[in-house]
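What follows is one structure encoded as structure tokens, with my remarks underneath.
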There are 2 protein chains.
Amino acid sequence: METQVKISSELERNCARLNCSEGVAGIRDALYVLNGKWKLPLIFTLSGGPMRFKDIQRSIGDITPKVLSKELKELELNEFIVRNIYSTTPVTVTYQLTPYSQSLDKVLLELKDWGTKHRQRIVASRKSKL
Amino acid sequence: METQVKISSELERNCARLNCSEGVAGIRDALYVLNGKWKLPLIFTLSGGPMRFKDIQRSIGDITPKVLSKELKELELNEFIVRNIYSTTPVTVTYQLTPYSQSLDKVLLELKDWGTKHRQRIVASRKSKL
DNA sequence: GATACCGGTATCCTTTAGGATAGTAGTATC
DNA sequence: GATACTACTATCCTAAAGGATACCGGTATC
């Protein structure tokens with residue numbers, strides 16, 4: 001007895017329509033700049049508005065300052081965020097999304113939705129095993 | 001002179017609406033299973049239909065058999081793909097997306113679109129610098 | 001004067017990802 | 001009998017990711 005496995009029809013059509021290898025290239029290009037554990041979570045976090053270094057760290061929870069610093073620099077290089085320095089005393093630094101990072105809105109939204117549902121699925125399947 | 005940077009309004013509303021920290025958790029859950037350089041490209045590649053090991057390798061181009069084997073196992077564990085063995089001579093093995101992996105359609109589509117546009121942007125900005 | 005907060009750096013370390021290369025058992029093909 | 005294909009595995013290695021811990025200069029606060 002073999003389970004019949006259907007194939008994603010939307011993607012299949014899409015793939016036939018616009019050359020699949022091109023599609024893979026797009027995905028790989030995206031992953032190239034968005035790689036790692038932190039970039040997308042950071043962009044998502046900053047979508048609530050500009051934040052200061054320590055606030056970002058607290059908001060994410062378990063990122064060390066070294067890693068956060070490195071990630072922020074890379075995001076700045078790729079023009080996803082801007083670093084603002086205010087000459088208050090003491091100096092205030094905020095990180096803010098650029099307009100370009102808005103182009104990631106849909107990706108973030110879909111990923112967040114999927115991740116949320118995936119978690120529910122995992123939790124449910126874990127319960128059903130008890 | 002300071003550039004005024006606007007903040008993603010869609011995400012901002014969304015964030016206010018459904019609790020941002022939850023959103024980050026969703027994204028981090030998603031990345032937890034979809035991490036690395038190969039998982040999403042592999043799922044995307046398989047969306048064209050079941051494929052054999054060597055065919056996948058050829059299609060992706062620069063993945064070594066060791067890495068491919070490891071990635072496929074992880075995708076199988078997470079129920080994104082199924083491994084089919086046919087007792088032909090010689091044995092034929094195909095890898096096929098499960099129905100669950102369809103839930104990633106939108107994520108893949110958005111990511112592909114974004115990546116494609118991002119590449120165009122990079123190419124354009126490189127040209128303008130010459 | 002001691003302590004605490006901010007925005008990070010510096011140093012060290014472990015783990016993982018991922019690549020290079022070679023090889024294997026089985027079959028088929030010339 | 002040599003070669004080639006399939007579906008991998010084994011071994012070795014490097015580079016990068018990421019974490020732990022400590023620290024720094026400056027300021028403010030108690």
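The values are calculated or read from the model by the stated rules, or taken from the named source; none is laboratory data. Being a predicted model, the structure only gives us computed values, none of them experimental. Ideal geometry is used to build each Cβ from the backbone, glycine not excepted, and the neighbour counts take in all protein chains shown. Ligands, DNA and RNA are stripped out before the accessible areas are found, and what is left, the full protein with its side chains, is counted by its heavy atoms. Shrake-Rupley method; radii C 1.70, N 1.55, O 1.52, S 1.80 Å.
Cβ separations smaller than 6 Å between residues 6+ apart or across chains give the following pairs from the range A:75-87 residues that are acidic (Asp, Glu) to residues that are away from DNA strand C (no atom under 13 Å from the Cβ) and open to solvent by less than 100 Å² (accessible area, probe 1.4 Å): A:Glu79/A:Thr98; A:Glu79/A:Tyr100. Residues in the range A:88-103 that are of a type in the set (A, V, I, L, M, F, W, C), in contact (Cβ under 8 Å) with a residue 24 or more places away in the chain and away from chain B (no Cβ under 11 Å): 1 in all. Against the definition (more than 21 Å from A:His118 (Cβ to Cβ) and either within 11 Å of another protein chain (Cβ to nearest Cβ) or of a type in the set (Phe, Trp, Tyr) (or both)), how does B:Lys106 come out, yes or no? Taking the combined requirement at face value, the residue does not satisfy it. Do you know which of the residues in the range B:118-130 that are more than 7 Å from chain A (Cβ to nearest Cβ), in a helix (DSSP H, G or I) and of a type in the set (D, E, K, R) is nearest to B:Val82 (Cα to Cα)? Going through the qualifying residues, I end up with B:Arg121. Scan the range B:19-71 for residues that are of a type outside the set (Val, Ile, Thr) and away from DNA strand C (no atom under 14 Å from the Cβ) and report the count. The qualifying residues number 20.
Return a yes/no flag: does the range A:14-21 have any residue that is open to solvent by 60 Å² or more (accessible area, probe 1.4 Å), modelled with pLDDT of 95 or more and at the interface with another protein chain (Cβ under 8 Å from one of its Cβ atoms). Taking every residue of the range A:14-21 in turn, none turns out to be open to solvent by 60 Å² or more (accessible area, probe 1.4 Å), modelled with pLDDT of 95 or more and at the interface with another protein chain (Cβ under 8 Å from one of its Cβ atoms). Of the residues making up the range B:52-73, just one is over 15 Å from A:Val24 (Cα atoms) and more than 9 Å from DNA strand D (Cβ to nearest atom), namely B:Glu71. If only residues of the range B:86-99 that are of a type in the set (A, V, I, L, M) and modelled with pLDDT of 95 or more are counted, the one that is nearest to DNA strand D (Cβ to nearest atom) is B:Val93.
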